[in-house]
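Quick note: the coordinates plus some simple rules give every number you see, no bench work behind them. Everything numeric in this text was worked out from a predicted model, so none of it was measured. Note: ideal-geometry Cβ built from the backbone for every residue, glycine included; neighbour counts use all protein chains shown.
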Amino acid sequence: MSELKLCQGNKCHQYNTKDRIRGSQGNKHYETRRRSSFYYGDSNFCSLNCQNDWFYEYGNKAIDHFGRITEAKKVECDSAWYKERDWRNGGFYYVNDLLGKKIPITNEQYSDENYTINTSGQ
């Protein structure tokens, strides 16, 4: 039997919407929805409301369990390069805002997920 893909929202069954009504006449009830195709919370929730309900209830416990950040994370200048497309002029660039640099690249280089540029000495 395949696993039902139900919303993991802890209050999902309490929202009074017509699509949550289940049961036959005289035995009707509200029921947890199936997860939606909108992929809320990595496909675990049917809506943003249900995702938020879960986080408000369990978010601090989850963060404490998996490790709360206690120091700011950094991206240094040499690692701050990213690809950018300028929709106004159709150009493609390798950009580093920290260094104030913008290097033109081709459409193929922009589309290549593994492409990096030798930025040393730039």
(Q) Please compute the contact order of the chain in relative form: average sequence separation of alpha-carbon pairs under 8 Å and at least six residues apart, divided by the residue count, as a percent. (A) 15
Q) Hey, in the GNM for the chain with a 10 angstrom Cα cutoff, which one of Ile103, Ile69, Ile21 fluctuates hardest? A) Ile103
**Q.** Farthest toward positive dipole pole in the chain [+1 Lys/Arg, -1 Asp/Glu at C-beta], among Leu99, Ile63, Ser111
**A.** Ile63
**Q.** From phi via Karplus (6.51, -1.76, 1.60), per-residue ³J(HN,Hα) for the range 91-106 in Hz, x at Gly/Pro
**A.** x, 10, 9, 9, 10, 9, 5, 5, 9, x, 10, 9, 10, x, 9, 7
Q: Considering only Asp42, Asp86, Asp19, give the residue with the highest GNM mean-square fluctuation for the chain, with springs between Cα atoms whenever their separation is below 10 Å.
A: Asp86
**Q.** Nearest-20 debye value, the range 12-122 charge dipole, Cβ charges on Lys, Arg, Asp, Glu
**A.** 640
Q.
If I stretch the segment between Glu76 and Leu4 completely, what's the gain in nm (0.36 nm per residue apart, minus their alpha carbon distance), one decimal?
A. 21.5 nm
Q) In nm, to one decimal, how far is the Asn89 label point from the Arg34 one, both placed 7 Å along Cα→Cβ? A) 5.0
Q | Among Thr17, Thr32, Thr106, residue whose mean-square fluctuation peaks in a GNM of the chain (springs only between Cα atoms under 10 Å) | A | Thr106
